[in-house]
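Notes to accompany the following structure.
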Amino acid sequence: MSLEFSESDMEEIMAGHPEIIEDGLTLLGRQVSLGHLRADLLFKDKFGDTLVVELKRGNIKRGHVGQIIEYSGFAQKQIFP
């Protein structure tokens, strides 16, 4: 039996149980606007660092990596001006 999860399902699970990513994470928001982009999940870790999560189903493409780098830049500017 295989389980199929949508990006929305994965977001719901990770938002409700951030410990599956890393212990000590605090959810800051879901569908967070970062500049002209929207990150699926935004967390703060136990060291005060920001974790941006962008969920994708299927194979990761080159553009997805660039998207995360762009999110990181916006997160740094907005959260730590």
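Some observations on this one:
- The stretch 51-68, subset in contact with a Ser or Thr (Cβ under 9 Å, 6 or more places away or on another chain) and at pLDDT 85 or above, residue farthest from Ile13 (Cα to Cα): Val52
- The stretch 1-53, residues that are basic (Lys, Arg) and within 20 Å of Gly73 (Cα to Cα): Arg30, Arg38, Lys44
- Flag if Lys44 is basic (Lys, Arg), surrounded by fewer than 17 Cβ atoms within 10 Å (Cβ to Cβ) and within 11 Å of the chain's Cα centre (by Cα): yes
- Near pairs, Cβ below 9 angstrom, 6+ apart or cross-chain, from the stretch 55-70 (free of Cβ contacts under 8 Å to residues at least 24 places away in the same chain) to any residue that is in a helix (DSSP H, G or I) and surrounded by 10 or more Cβ atoms within 10 Å (Cβ to Cβ): none
- Residue in the stretch 7-23 that is touching a Lys or Arg at 6+ places or on another chain (Cβ under 9 Å), part of a strand (DSSP E or B) and surrounded by 12 or more Cβ atoms within 10 Å (Cβ to Cβ) present: no
- From the options Gly48, Gly35, residue that is on the phi > 0 side of the Ramachandran plot, small (Gly, Ala, Ser) and at pLDDT 85 or above: Gly48
- Test for Ile60: is it out of contact with any Phe, Trp or Tyr (no Cβ under 9 Å at 6 or more places or on another chain), over 15 Å from Phe74 (Cα atoms), not small (Gly, Ala, Ser) and not in a strand (DSSP E or B): yes
The values are calculated or read from the model by the stated rules, or taken from the named source; none is laboratory data. Quick caveat, the model's predicted, so the values are computed rather than measured. Positions of Cβ are backbone-derived with ideal geometry, glycine not excepted, and every protein chain shown enters the neighbour counts.
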